[in-house]
Amino acid sequence: MTSKNNQLSKISVGVLRGVGPKIKEKLSKFGIISIEDLLFHLPFRYQDRTKITAIAALQHGTEALIEGTIKLSNIVFRGRRSLIIKLEDKTGIATIRFFNFSSSQSANLTTGKILRCFGQVRHVGGSPELYHPEYRIFSTSGEPSESRLTPIYPSTEGMGQNTWRNLIEQALNFLSTHPPKDLLANISAELNFDITSALVFLHAPPVNASQRDLMAGNHPAQERLALEELIAHNLSLRKVRDKFQEVKAPRIKDNSTKIASFLQSLPFKLTNAQKRSIDEIISDLASNRPMLRLIQGDVGSGKTLVAAVAALLAIINKFQVAVMAPTEILADQHARNFTNWLDPLGIKVSQLSGETKGTERKTVLDDLKENKANIVIGTHALFQKNVIFAKLGLVIIDEQHRFGVHQRLALTEKARPYQAHQLVMTATPIPRTLSMMAYADLDCSVIDEMPPGRQKIQTVLIENQRRNKVISRVAAACRTQRQAYWVCTLIEESDALEAEAAEKTAASLRLALPDISVGLIHGKLNQNEKKEIMSSFISGKINLLVSTTVIEVGVDVPNASLMIIENPERLGLAQLHQLRGRIGRGNTKSHCVLLYKQPLSIASKHRLEVIRDSTDGFYIAEKDLEFRGPGEVLGTKQTGLMMFKIAQLPKHDLLLERVSEIAPQILKEAPHIVPPLIDRWIRGGEEFGKV
Ligand code: ADP
Ligand code: MG
C-alpha cells in the first residue's frame, strides 16, 4: 500500500545509483526531479532486439539484430582509419564498420568470436553492412536474446540511452514497494491498464506488443496515460474557472424591446448563428455567476456585432463595459464601429491606448471613474492600475490568443467588489478538440454561418519570378476603383525589420506605379500616423496599402478585394487565413495571391495548397493543428498550456470525448483526487501559473 508521506513523487532521483550532480541537472532540464517524474519520462520509440535476423534476410534501411562468427577483423586506412569486420552466419556474410574505436575494442573483436550486433542495415553493392552497431561478444552461440522491446528515450547531449535505461530500470523497482496511486481506478471501469501496469508496459513492452500501435502513440497503455494527463489539464483549467467564479457578478437583465429596436436600426439582419450566440450571452448575463464565454467564429462571421449587443445590454442596465483589442488599429476600428452603432442611442464611447496622453487621457480616466463614460475601447493600456471603473459589468476581449489568461482575468478584477462578466472572441476558429483543452475554462458559442451574399475568395499560388505580372494585375484593379493590400512578412518577430521590408516594397511599387496611390503602414508608426493611413484607405484615398502583418487581425475595409501576400510560406495557416479574411467582405469577387519564393519545401507547398483550396476556417485550423501542433495554433502565449508529456493532439482527439465526460464526474464524485492528479501531471500545480 502507498503510504502518504512515502510517495514516489516525493523520492528524489538522487537515491538512484549513478545519479550525481551532473546527471541530476540533466534530468532536471526534463523536469525530472522525483522517481515518479522519471517513470513518466516515456520512450518515444522502440527497437526490436528480440529476434535474430538471418544475414541473408537483412533488408536495407531496417534495424536488425544479427549474430555470427567473426571471420575477419582488420584495421584499414582507406581515406580514414576504420575497423572492418566480416561476420558470418549460416546464411551469409555481413560487413561491420567502425570509424571511431579504441584499441581495446579492436583487440577484443578478434576472429572466431561470436558477435551479436544491433544496428541499421545498408546494402552496399548488394551486400549488407552495419555501421557502428551496438554489440556484445559471446563465447558460444545461442545465448538468449532480449525478451522485451528496447525503449529509446528522448534524450540530451551527454546522456546515452544506456544511462536512461539503467535509471529507469532502477526506478521501475520502486513500483512494487511504492505503487503510484491509481487515481482513475474508481472513475472509469473500462480502462484496460492501471497506472502501474501501463508504466511497466511502456518502459519494457513484451515481444508481442504491437510496435505499430506503440509508434503511433495509440497503444491502450499509452492512451491510459494520455487520458489521465488530459483529464489533469482539463481539471486544472476548471479550477481556474471555479476560482474566478467564486466572486459574484452583477446581474444584467434582458431588455428585448431595446435590443430589438437596436437590431432594427442595422442595415442587415442577424444570421441565425449570431442570434443563437446573443441568446446564450443574454442568459449568461442574467445570472450572478460571472460569464466566461468564448465566441468562436470564422473571419468575417460578424463577431463584433454580437459583442456590441452584449455591451448594449450591460449599458442599458447601467453598467460600464471595457473592450480590449490586441492592436491599436483594431481598437480604432472597434471604436468607430461601436460609435456608429451606439452613439445614436446616446451612449458615450471612450478610447484609451498607450498613446492617449495629457488632458485627453485625464478626461477618459475621470469619465470612467465618475461613471460618465459607458464604454471604453482600448489596448493593453486598459490594464493599468490608474484605470478605475465606477461600475464595470462586462469585459469584452477581442482576438483572445494574443492575451494570456492572467491579463484576461486582471481586467475583470477592476469590477471589485464584483467580478465582471467576460466575453472573449477568437481571431480564427480553433479546432474543437483543441478548444476543449485550451479553453476548458470557457463556455463556447460558435458562429458557424456567414452573413449572406459573401463571395468566395479565389486564391492562387504564384512564384515570385512572376512578380511583375502580379504588379500589373494589381495596378489594373486599382485603376477600376478596387483597393488592394500588399502584405510583407518576415520570419523574425521584429517590427523594425518587417517595417524595413515593407518600406522597400512600397518604394518599389510607387516607382513602378506612379499613377496609383500607394500607402504604407507598419508597427513602427505611431498611433496617429496609423490612424491617418487607415482612414485614407477606408475613404479610398489610398488604393494600394502596403503593410506588415499589423493588419492581420480584424481590420474591416469591405471595398478592399485584392490581397498579395509575400513569402506566405513563413506564416502559419491560421495567420494566413486571418490575413486573407481582410478581403472578401464586400460585394465584389475577391482575389488573394500567395507570392512565394522558390525553393519551397514539400511541406510548405502542402500548407499553401490548403489555403489555396479552402476558405473554411474550421478546416484550416484542423490542418494547422496537424502540421504545426497546438502551441503554434494557439499562439505562443498559450503554448505553456499545451505542453503535454504524453498526450498528443490531434492524435489523441478521440480521448477528449472521454475527458469531457470523466472530468465533471471526478469533480462530482471524487473531488479529492483533483489535487494529486494536477500535481502528477502539471509542474507548478496549475495551468494558471504557467501562462
Ligand atoms: P469578425 O467575425 O471577423 O470579427 P466582423 O465582426 O468584423 O467579423 O464582421 C465583418 C463584417 O460583416 C462587418 O462589416 C460587419 O458589419 C458585417 N456584418 C456583421 N453581421 C452581419 C450580418 N448579419 N449581415 C451582413 N453583414 C454583417
Ligand atoms: Mg473581428
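If I compute solvent accessible area with a 1.4 Å probe over the protein chains, what percent of it on the chain is carbon and sulfur? Before the final figure, lay out each step's value.
Details: 15710 of 31020 Å².
Heavy-atom surface of the chain belonging to carbon and sulfur, 1.4 Å probe: 51 percent.
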Notebook entry, point to check: Can you list the lysines whose alpha carbon sits under 28 Å from that of Lys51, skipping same-chain ones fewer than 8 residues off?
Noted result: Lys71, Lys86, Lys90, Lys113
Margin query: Let me check something: with ligands and nucleic acids excluded, how do Lys645, Lys668 order by accessible area (1.4 Å probe), largest to smallest?
Written below: Lys668, Lys645
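Using a probe radius of 1.4 Å on heavy atoms only, what accessible surface per residue do you get for the stretch 3-128? Whole Å² is fine. List each step's numbers first, then the result.
Details: 6670 Å² over 126 residues.
Solvent-accessible surface per residue comes out at 53 Å².
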Item checked: Rounded to 5, the percent of DSSP beta bridges in the chain classed as antiparallel -> 40
Next item on the list: Compute the accessible area per residue over the stretch 314-398, keeping the other protein chains in place, probe 1.4 Å, unit Å².
Entry: 40
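Per DSSP H run of at least 4 residues, take -39500 (n - 2.57); add these up for the chain, divide by its residues and hand me the 222 nm value, nearest 500 deg cm²/dmol. The partial results should precede the final answer.
Details: 24 runs with 267 residues, N = 691.
Value at 222 nm, helices only, nearest 500: -11500 deg cm²/dmol.
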Next item on the list: Straight distance only, please: which lysines reach the Cα of Lys456 with their own Cα at less than 20 Å, same-chain residues fewer than 8 apart left out?
Entry: Lys303, Lys589, Lys623
Item checked: On Cα atoms only, tilt of 303-316 relative to the major axis of the chain in degrees -> 50
Next item on the list: Report the accessible area of Ser188, computed with a 1.4 Å probe over the heavy atoms of all protein chains in place, in Å² rounded to the nearest 10.
Entry: 10
Next item on the list: For the chain, find the longest principal axis of its Cα atoms and tell me its angle to the long axis of helix 220-245, 0 to 90°, nearest 10.
Entry: 30
Next item on the list: Can you sort Glu449, Glu498, Glu657 by 1.4 Å-probe accessible area, starting with the largest?
Entry: Glu657, Glu449, Glu498
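How big is the charge dipole of the chain about its Cα centre, in debye rounded to the nearest 20, if each Lys and Arg gets +1 on its Cβ and each Asp and Glu gets -1 on its Cβ? Intermediate results must be reported in sequence, preceding the final value.
Numbers: 88 positive and 71 negative charges, 188 e Å.
Once rounded to the nearest 20, the dipole reads 900 debye.
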Checklist line | List Ser353, Ser139, ordered by accessible area with a 1.4 Å probe, largest first | finding: Ser139, Ser353
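Compare the peptides 124-137, 424-437 by average per-residue count of other Cβ atoms within 10 angstrom and give them in order, highest first. Could you put the intermediate results ahead of the total?
On the way: 124-137: 15.0, 424-437: 22.9.
The most tightly packed comes first, giving 424-437, 124-137.
Which of the trypsin sites (Lys or Arg not before Pro) found in the stretch 61-109 are loop residues per DSSP with 13 or fewer other Cβ atoms within 10 Å of their Cβ?
Values: sites: Lys71, Arg78, Arg80, Arg81, Lys86, Lys90, Arg97; in loops: Lys90.
Sparse-neighbourhood loop trypsin sites (Lys or Arg not before Pro): Lys90.
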Item checked: Those lysines that a straight Cα-Cα span of less than 22 Å connects to Lys357, excepting residues fewer than 8 apart in one chain -> Lys348, Lys369, Lys372, Lys385, Lys414, Lys524, Lys530, Lys531
Notebook entry, point to check: Mind checking the angle between helix 602-613 and the chain's longest principal axis? C-alpha axes, 0 to 90 degrees, to the nearest 10.
Noted result: 30
Notebook entry, point to check: Got a number for the accessible area of Asp448? Probe 1.4 Å, square angstrom, nearest 10.
Noted result: 100
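The values are calculated or read from the model by the stated rules, or taken from the named source; none is laboratory data. Just so it is clear, the model here is predicted, and its values are computed rather than measured. Cβ atoms come from the backbone with ideal geometry, glycine included; neighbour counts cover every protein chain shown. These area figures cover heavy atoms from the full protein model, side chains too; ligands, DNA and RNA do not enter into them. Shrake-Rupley method; radii C 1.70, N 1.55, O 1.52, S 1.80 Å.
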